[in-house]
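Undergrad: Next up is a structure, given as structure tokens.
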Amino acid sequence: MLSRLVFVSARALKSSGSLGAGLVQASRSLHTSSQSLAPVPPLPEKGGKVRHGIFPEEIFQLLYPKTGVTGPYMLGTGLLIYLLSKEIYIVNHETVAALSIGSVIVYGVKKFGPSVAAFADKLNEDKLAEAQNAKDTAMSGLIQGIEDEKKEQWRTEGRSMLFDAKRNNVAMLLETNYRERLHLVTHEIKRRLDYQIALQNLQRQMAQEHMVNWVEKSVVSSITPQQEKESIAKCIMDLKALAKSTQTKTA
């Protein structure tokens, strides 16, 4: 993976020319600057293409424009012959042991690699599922907390309306109490005024009865026996005259 990255970077810098130096300088300034808040790209889940199990595909793609299709193979063969001819690398029993161990490793990778990879993928999927469940649980809890907070804010906003309603109720109670007291005062004043009117009427009625009795008593006491006899005689004569006139009318 590191060798592939080195080759890709070298190829990009080689093709860009003077731009490569600017990119290197920019990367250095970025490393020395404060931490960036840009999103980090996710790491690849699978490696790139390789040939013969160990050689990255980027090496061949890098050498194809200069050497052609057989260039990478000739380069590898020539490098191996150079190392052996100059005795930079000496073939001994360690080489045989390395080839044997490498063959065993290759056989083990070819034989048990898929099952081990499937087991590792299963473990990775289980861990991802657990992490996703924990994330979903946390998100649901946070969403519920946000909803509860919104509900509490809504209740807080409605609290002012509740206080206004309570103030109105208190004002209505005070107004009702005031009007009840005002009605009570009015009723008491009216009752006392009615009492005074009834008392004055009673006094006037008693005064009138007393005046009538006094006048009647005075008149009766002022009549003499002679006047009484004359008055009775006059009444009898009037009755007789009335009787005669009635008899003549009926005849």
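The values are calculated or read from the model by the stated rules, or taken from the named source; none is laboratory data. Because the structure is predicted, anything quoted here is derived from the model rather than measured. Glycine gets a Cβ as well: all are built from the backbone with ideal geometry, and neighbour counts include every protein chain shown. Ligands, DNA and RNA are stripped out before the accessible areas are found, and what is left, the full protein with its side chains, is counted by its heavy atoms. Shrake-Rupley method; radii C 1.70, N 1.55, O 1.52, S 1.80 Å.
Undergrad: Starting from the Cα-Cα distance between Leu193 and Val109, subtract it from 0.36 nm times their residue separation and give me the gain in nm to one decimal.
TA: Numbers: separation 84, 0.36 × 84 = 30.24 nm, distance 12.02 nm.
In short, 18.2 nm is gained.
Undergrad: Okay, next question. State, to one decimal in nm, how far the label point of Glu147 lies from the label point of Leu182, with both points 7 Å from Cα in the Cβ direction.
TA: Taking the simple label geometry, Glu147 and Leu182 are separated by 5.2 nm.
Undergrad: With a 1.4 Å probe and every protein chain kept in, tell me what percent of the accessible surface of the stretch 113-251 is carbon plus sulfur. Don't skip to the answer; put the middle values down first.
TA: Values: 8180 of 13060 Å².
Summing carbon and sulfur atoms, their accessible area is 63 percent of the total for the stretch 113-251.
Undergrad: A follow-up question, please. Take the solvent-accessible surface of the protein heavy atoms, probe 1.4 Å, and return the percent of it on the stretch 42-105 that carbon and sulfur atoms account for.
TA: Values: 3710 of 5360 Å².
Using a 1.4 Å probe with all protein chains present, the stretch 42-105 comes out at 69 percent carbon and sulfur.
Undergrad: Residue by residue through the stretch 167-177, what is 3J(HN,Hα) from phi via Karplus (6.51 cos²θ - 1.76 cosθ + 1.60, θ = phi - 60°)? Round to whole Hz and write x for glycine and proline.
TA: Result, rounded to whole Hz: 4, 5, 5, 5, 5, 5, 5, 5, 5, 5, 4.
Undergrad: Assuming 0.36 nm per residue, please report the length gained on full extension of the stretch Met237 to Tyr89 beyond their Cα-Cα distance.
TA: Details: separation 148, 0.36 × 148 = 53.28 nm, distance 18.93 nm.
Going from the current span to full extension adds 34.3 nm.
Undergrad: I want the local charge near Val69. Using Cβ-Cβ distances under 14 Å, sum +1 for each Lys or Arg and -1 for each Asp or Glu among the other residues. List each step's numbers first, then the result.
TA: On the way: positive: Arg51, Lys66; negative: Glu57.
Here the charged neighbours net out to +1.
Undergrad: Viscosity 0.890 mPa s, temperature 25 °C: give me the Stokes-Einstein translational D for the stretch 134-230 in µm²/s, with Rh taken as the Kirkwood radius over C-alpha pairs.
TA: On the way: Rh = 22.1 Å.
My calculation gives 111 µm²/s for D.
Undergrad: Leaving out ligands and nucleic acids, note down the accessible area per residue over the stretch 134-251 with a 1.4 angstrom probe, in whole Å². Walk me through the numbers before you get to the answer.
TA: Numbers: 11310 Å² over 118 residues.
About 96 Å² of surface per residue is accessible.
Undergrad: Could you give each residue of the stretch 231-240 its phi-based ³J(HN,Hα) in whole Hz, using Karplus coefficients 6.51, -1.76, 1.60 with θ = phi - 60°, and x for Gly or Pro?
TA: 5, 5, 4, 4, 5, 5, 5, 5, 5, 5
Undergrad: While we're looking at this one, here's another question. Under 26 Å between alpha carbons, and skipping anything fewer than 8 positions from Lys166 in its own chain: which lysines qualify?
TA: Lys150, Lys151
Undergrad: What residues have an amide H closer than 5 Å to that of Phe55, excluding those fewer than 5 places away on the same chain, when H is modeled at 1.01 Å from N in the peptide plane?
TA: Counting only residues 5 or more places away or on other chains, the set is empty.
Undergrad: In whole Hz, what ³J(HN,Hα) sequence does the stretch 187-194 give by Karplus (6.51, -1.76, 1.60; θ = phi - 60°), x for Gly and Pro?
TA: 5, 5, 5, 4, 5, 5, 5, 4
Undergrad: When all protein chains stay in place, what accessible area (Å², nearest 10, 1.4 Å probe) is found for Ser221?
TA: 90
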